[in-house]
Every structure is written in C-alpha cells, then in structure tokens.
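The values are calculated or read from the model by the stated rules, or taken from the named source; none is laboratory data. Note that the coordinates shown come from a computational prediction; the quantities given were computed from them, not determined experimentally. Don't worry about glycine lacking a Cβ; one is built from the backbone with ideal geometry, like all the others, and counts go over all protein chains shown. Just so you know, the surface numbers come from the protein's heavy atoms only, side chains and all, with ligands and any DNA or RNA stripped out. Shrake-Rupley method; radii C 1.70, N 1.55, O 1.52, S 1.80 Å.
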Amino acid sequence: MILNTELEYKGNLFPSNIISYKKEGDTLFFTSQNNVVLQVTIQRDSVIRFRYTTTSIFTNDFSYAITKYASRGYNKLEITEDDQKYIIETAKLICYIDKKDMRTKMFDSKTKELICEDELGFHWEESYEYGGEIVKMTKTSQIGESYYGLGDKPVDINLKGKRFENWVTDSYAYGRDTDPIYKAIPFYIGLHHKKAYGIFFDNTFRSYFDFCNERRNITSFWAQGGEMNYYFIYGPEMSDVVANYTDLTGKPHQLPPLWALGYHQCKWSYYPESNVKEIANKFRELQIPCDAIYLDIDYMEGFRCFTWNKEYFPDPKRMVKELADDGFKTIVIIDPGIKIDMEYDVFKEGLEKDYFCKRADGPYMKGKVWPGECYFPDFTNPEVREWWSDLFKELVEEVGVAGVWNDMNEPAVMDVPGKTFPNDVRHNYDGNHCSHRKAHNIYGMQMARATYQGLKKFSYPKRPFAITRAAYSGTQRYTSSWTGDNVATWDHLNIANIQAQRMCMSGFSFIGSDIGGFAEQPNGELYARWIQLGIFHPFCRTHSSGDHGDQEPWAFDSNITNIVRKFIEIRYQLLPYLYTAFWRYANEGIPILKSLVIFDQDDQHTHYRNDEFIFGEKILACPIAEPNAKGRRMFIPRGKWYNFWTNEIVTGGQELWVDADLDSMPIFIKEGAVIPKYPIQQYVGEKKIEELVLDTYFKIGKEKSEVYEDAHDGYDYIKGRYSLRNFTLVGKESSLTIQQFKFGKYTTPYKTFELKLHGLPFKIDSVEVDNEKVDIKKLGSNGDNILIVPKDFTEIHIIGK
Ligand code: MIG
C-alpha cells in the first residue's frame, strides 16, 4: 500500500504551465508544457468531469460505472481567462484552472463561495513494475468540513480523519473498521458551510481515499493505475449530490417486484426438500409473513452451478411450484467458480468456447472454491455475459426460480494470498484488454450484470430479482445487495445500520444485512432488535451460517416470535409506503434511507449522527442496539414528530429519551404526513387490496405526501399504467384540508380510502368532499377520527366544532 501521497515523496511529478487550450462542444482541453492534458467536460450545470493524461494522448474512454442514460446538457457555459487562470462558468458552478500548474478551484456560481480547491492538485508517480502511473489528487479541506459516502465501509457515518482502500474483498466476520470489505464505491460527499458536493473517482484500480488523516487539512485520493478521472458533483443539497451521482452511475433499470420488498428467510443451508417445506409451513402456521425462501450452495450437485442435488431435491420444479402455490418465491445461489470436470456441461462449454479467465502467459486461472478446483468465466467479456445469462433458462423458465443470489464474486478464492485472483490474470474488459489489477473491482459487478440479464430475459413478463455481494459503482442498475458475512453481536447491529445508510447515500439503496448476524448465533433479544432495524431496510432478509443453531423467527421463545411477527407485519403494512420510496429512488435517485445529515444538513448536530435515519420521506427510526434496554436517547431532527406508538408529539432539534421495551422501538412520523398502508398479508398478493389506509398526521401548515402504486410486477407501469397520488395537507386551528392530484393510467383495485386522522386538535363538525357537504355517517365515519372516503376525491375539507 502506498502510504505517502505527499510532496516529500521524491517520485511525484506535477503538471507544468498550460501552453494551449481548445474547446470541442461541451469539452475543453488544456495542455501543459510537460504534455499533461486536462480534459474538462461539462456534463450538466452541476456535474463537471476532470480527466488527465500525462502522455498527451488519452486511452479509450470506457467506464462500467457511467450509464448511457446519464443526463447531459447545461443552461450556461462561458469560458473566459485572465493572466493567471481560465474561468469556466455554468448556471451552478464556477471553475478556475490555474495557468501555471493546472490546479482547480470550484465556486458556487450564485453566492461565489468557495466549494472545493486543489491543494497540490493532480500529480503522479511512475509505476515501474506495471507501467503507467500511480495517479494522485490532493484537495484542501475547508473549515468544518465533513465527509460521507464510500459504500459499505463499516465505520461511523462521518469519515473525517480516516483513510480507506477500495479493493473488493471477501471478508468473513469483518468488524468495525475492517477495510476494505466487499464493495468498491469510490464516491464521497464533502459538506461545509451548509453546502455539499461530491467526487466520484471513476477508477477501478485499487484506490485510496484519505480524509484529513495523513495531514489534518488535506483530503486526497489516488489509485495504483489508470487515469485521474473524476466527476465533481455540486449540490448544494446533499440529496441532490446523491441524486446526481445516481443519475451518472444509474438507477435500477426497473422497479423490483413488490414481493421482493417483503420478508425473506435464508440459511446456509435449508435442505433437503422436506426441511425447506417445513420452514415454509411453519411461517404459514405461525402466521408470520414471508415472501421468499432461499437455497444455499447445498442444493447443487457437488457445488456445480446450474445443477441440482437429486437426492435432496428430487423434483425441483414440483417443489418450487408447491412453494409458489403457498406464496413463497424460491431464490437460489450462484457462484462464479465453475468446477473443473469434463463431465459437467457448463464447464465443458466454457472451456470449448474459451470463456474462462487466463493467466498472463496463457494457463487458466485455476482456484479453489466450494466445488474444489475451478475455472472462472471472464464476465468482462460481453460474449461470456451473454452465454452466462442463457444458462439461467432452465432454472427460471423451467424450474420457476424467482431470483438469484450471486456470492463469492469478489472474486473469492480459498487458501491463497490475497484471497482472490493474482494481478496478472487477463480480462477482456469489453475489448479494452487488461489485467486483474484493473478488472478486479468490477468482476463481481459484471457477473451480477450477466445474471440480471438472464433473469430479466427468462422471467419476462415478470420483473427480475438479483442479489450480489460484490459491487462497484453502478451495480445498483442491475441488482440488490447485502452486506456480507457479519456476526451476531450488538456492535454488528450498529454496523448494519450504518452500512445500510452509507450504501443508500452512495447510490445503492436496495441493501440489507444478514438479520441476526451470519456468523455465530444471536440470542432472542438481539434477533428481535435486529428484525426491528431490518424491517426498515430496503432488502429484508434473515440469513445465518447455520452452524451455530437455528435463526428463524420461532427459534427463540414465543415472546420473541410474537415481537418478530409484529414487526414483520408492520413491514407488510408499510409496503405501499416503501414501494413509493423505491419508485422515487428508481426515478430520481433519491436514497430510500436518509441519514440525518441528508435530512437536515444545515443543522450541525446531524453531522456526526450514526443511529437515527429517515425511512422514505416521513418516518424516523432508530434501532435499539444494546441489551436490556428500556429505551434510549436519540436525536430528533428539527420539526415536529408523532411517536408512532403513542401519537405523542415531540419537538425536534434535540436529543431525547424515548421509551422502547423489547416489543417496541423508537419510530416517529413527521407531522403532516400521509402514510399509505396495506392490510397485513402473509405474502404479497395474498389478499386483494379492498381499501387503502391513509394514516394522516395533523399539522398546522402545509405538507406534501405521495403514494405510488402499480400492478406490483411486470412492465405495464413503464407504459403509463401506474397510479401516483400527490396529497397536500393543510391544517389550521379548526380545519383540515387534503387535496389530491392523480397521475397515471393504472386503476387501483380498491374503491375507498380509510382516512385515519391522528392528532386533530378539534372535534369534527362537518366534512365536505369535493365541495359537497356529506353526512359523516354516510361517509362511514367510525368513531371521530376514521373516515371512509372515495379514492378519487380532489379535495376533502374537514371542519372543526
Ligand atoms: O464461503 O454459500 O456471504 O451468505 O451463505 C462462504 C455459503 C460462502 C458466503 C456468503 C454467505 C453464504 C455462504 N458463502
């Protein structure tokens, strides 16, 4: 590892003075006397790309991270110069480029405040061993600056003072501060003086980020090869930075089927068939909602992917169908290692077609994984991805498997130094042939992509569902993910909370942890507390290694079973709310979970908060992550909040004690919110939705909420068959008005809303729906705070006594 990024390091080279400048459309080129070229591309008013070469020529411009759907275009581009610098101005940003050394400075174009500036700026070191350069960048940290992002790092939310490495790594039983682990997401957010910006360093080589660790006021990032190539993304709102980063690297290509947002049960391993059935039946018997059940590596014949162990699973198609009839989707694991075995079709075909990775001098990349000695498909070859995707035909079309889980795709190799491929392994890299040094961090992503493509093809007209362990920026376009092999400890519950938030602010919202912990075994209390957190994670799955005992909702005592059921039921009731948040994420790149710093960046109290987060737009949650707790202190962000359990109103901007015995947890609803709820179902689609509950929380003033629905699967929504309802609530001392605006061509199955009014400061005197006074009894008023109203109302006016 290169520890020194600094000037004292004698091998560092720097750009010299700029001698020429040219502009081609949205791209500017600045050339220095010593042949450095800085390419500046204006992607959008708030997104500018910086790319450097030290040899006067750029290599082919290719990225797995950047999506072809990324927005382009700006409202303004003006380029001027003075003696010292070039000045580039867009509608959002002003960028200076120093003529004597290429250093840059970024300003807010409206307020002229400094946002970010190079310290040494771009510099490099020649790489004798591999050729090319170790490319480096240093920037000055501004007063009071905080740092966020970087994917799955298991450390506190605020990254200031720390150094990190990006190198996708299988990390069994990692812990707090283990670095690197499974994912490489070289994107961070800086926040100072109430303004946030982001930097996405799109370089797949082993890379490093240093946030004021090596030097107190300096932030730097560097990589062991490739180009200095980064995108500067301006907010000033953090959520806009995340949305713009997600726009650049891609949103999920389609919504997940709604069932994928249900509860999933997994273990290494459920087998044989009778055991799988027993687990499934138990869920129904105990009336604990569950939508998916998993098969880990033991379902295969000797761990050969795309085969079945016929002794354990004599008739997979029948089993999958029987499970499906009971509402269970079957999800199977698929690993990258293909067993060396001439009797095995997949291996033989891969060999014949020359699809396996090879070492620099020609031999195959041979490595030991679960099946024994294996070869590994080169997923960076588009032809191999196509072949791989076709291998899913039988599993999906024939057997009826509903989702696939990609594991070990870092790639992980057993019993070797580095636990992965050696550096010299060759990759196609979509025609940009390279070594594993460059392809390592995207190998798992390309496997997940190929798997996703297969699922998409063969699940049609249903939506695909894939999961990956390894990821690079952009993987969120194809799959969901989990945080890998954690441990059943209280600290891991805290880590899971932080990791899910961090993944969400790193553009990857479809994330969850192994609930209860993968390694070792939780006690009932820890399991219950983890379920409470897990129901707020976009991907909600219990998983365990299985060698320490059972980890199903009933594996502890009946009190725990009841608590777990109660929280999973809350998850199922909140499905339309979560689905709406997912839709916003898939459309606008807005993270599903928002750390408090994203929710209220102007309040400095939020800058170091780890535990509390906003689920969707309106729900504040905070797990209890220590034993024997009767509650906890937590920070309530500014504004007024209803306690979910008691309806008591609290005022935020302060830390408060919140009661939460084991059967409870701190949950608050933002005042003014309209929260949609479905009835409790044992699995998605069990019941026809006869009525949509709208939990409505009174507020003096105005608040907007939205509810997105569609057929819960399939692609009709893309053709406009969705239903989006925007609600505007306006509360006054003695009245409440709710307006509805509807969009889309989908007709929801229910006819009415059950409007549950919380916190009304008055007794209802009369109700008008679309300007007609209606008899409250006729409206089906049930008590004084529940009204049954037609779903297509435009305005409801409730008048107090
Ligand atoms: O070397 O497939 O993270 O979820 O159960 C262990 C067995 C391989 C690691 C995964 C875990 C999975 C396990 N796998």
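Quick notes on this structure:
- Amide H contacts under 5 Å for Y746, placed H, 5+ residues apart: Y722, S723
- Potential extension, Y460-S766 segment - 0.36 nm per residue separation minus Cα distance: 105.2 nm
- Summed residue charge, Cβ within 15 Å of N406's Cβ, Lys/Arg positive, Asp/Glu negative: +1
- Surface/4 of the Cα convex hull for the range 593-670, nm²: 4.7 nm²
- Around the amide H of I115, modelled in the peptide plane, lie the amide H atoms of M106, F107, D108, all under 5 Å away and 5 or more residues distant in sequence or on another chain.
- Taking every protein chain into account, the accessible area of the range 61-207 amounts to 38 square angstrom per residue (probe 1.4 Å).
- Cα-derived Rg over Rh, computed across the range 454-576 with Rh taken as Kirkwood radius: 1.00
- Relative pair counts by distance (%), Cα atoms of the range 292-423, 5 Å bins: 2, 10, 19, 22, 19, 13, 8, 4, 2, 0, 0
- With the convex hull of the Cα atoms taken as the outline of the range 100-151, the averaged projected area works out to 6.1 nm².
- Each listed q (0.11, 0.15, 0.17, 0.24 Å⁻¹) maps to a log10 I(q)/I(0) for the range 210-302 from the Debye sum over equal C-alpha point scatterers, namely -0.70, -0.82, -0.88, -1.27.
- Secondary structure note: in the chain, about 80% of the DSSP beta bridges are antiparallel.
- Distance from the C-alpha centroid of the range 216-287 to that of the range 665-708: 24 Å, rounded to the whole angstrom.
- When +1 charges are put on Lys and Arg Cβ atoms and -1 charges on Asp and Glu Cβ atoms, the dipole computed for the chain relative to its Cα centre reaches about 1720 debye.
- Panel values: the range 688-800, Kirkwood radius from alpha carbon pairs, Stokes-Einstein at 25 °C and 0.890 mPa s, translational diffusion coefficient 167 µm²/s.
- Alpha-carbon spread of the range 8-235, three principal axes, descending order, Å: 55, 43, 39
- For the chain, the mean residue ellipticity at 222 nm estimated from helices alone is -5500 deg cm²/dmol, where every DSSP H run of n ≥ 4 contributes -39500 (n - 2.57) and the total is divided by all residues, rounded to the nearest 500.
- Here r is the Cβ-Cβ distance between K751 and E349 and R0 is 51 Å; the resulting FRET efficiency, rounded to 0.05, is 0.40.
- In sequence order, calculated HN-Hα J values of the range 399-409 (Karplus, 6.51, -1.76, 1.60; Hz; x Gly/Pro): 6, x, 4, 9, x, 9, 10, 9, 10, 6, 9
- Antiparallel %, DSSP beta bridges [both residues in the range 475-632], to 5: 55 percent
- Area projected by the alpha carbon convex hull of the chain, averaged over all directions, nm²: 33.9 nm²
- Computed FRET value (nearest 0.05) for K687 with E81, which takes r as the C-beta separation and R₀ as 56 Å: 0.25
- The amide H of V693, built 1.01 Å from its N in the peptide plane, has K677, E754 as neighbours under 5 Å, considering only residues 5 or more places off or on other chains.
- Proportion of all alpha-carbon pairs of the range 475-545 beyond 18 Å (%): 29 percent
- Overall Cα dimensions of the range 591-749, principal axis frame, Å, largest first: 46, 39, 29
- Counted over the range 688-800, the DSSP beta bridges are approximately 85% antiparallel.
- Cut-off 16 Å (backbone N to label point 7 Å along Cα→Cβ of K732), residues of the range 668-704: 699-703
- For the range 380-486, pairs of C-alpha atoms spaced more than 19 angstrom apart make up 46 percent of the total.
- The Cβ shell under 11 Å around K310 holds other residues with a net charge of -4, Lys and Arg each +1, Asp and Glu each -1.
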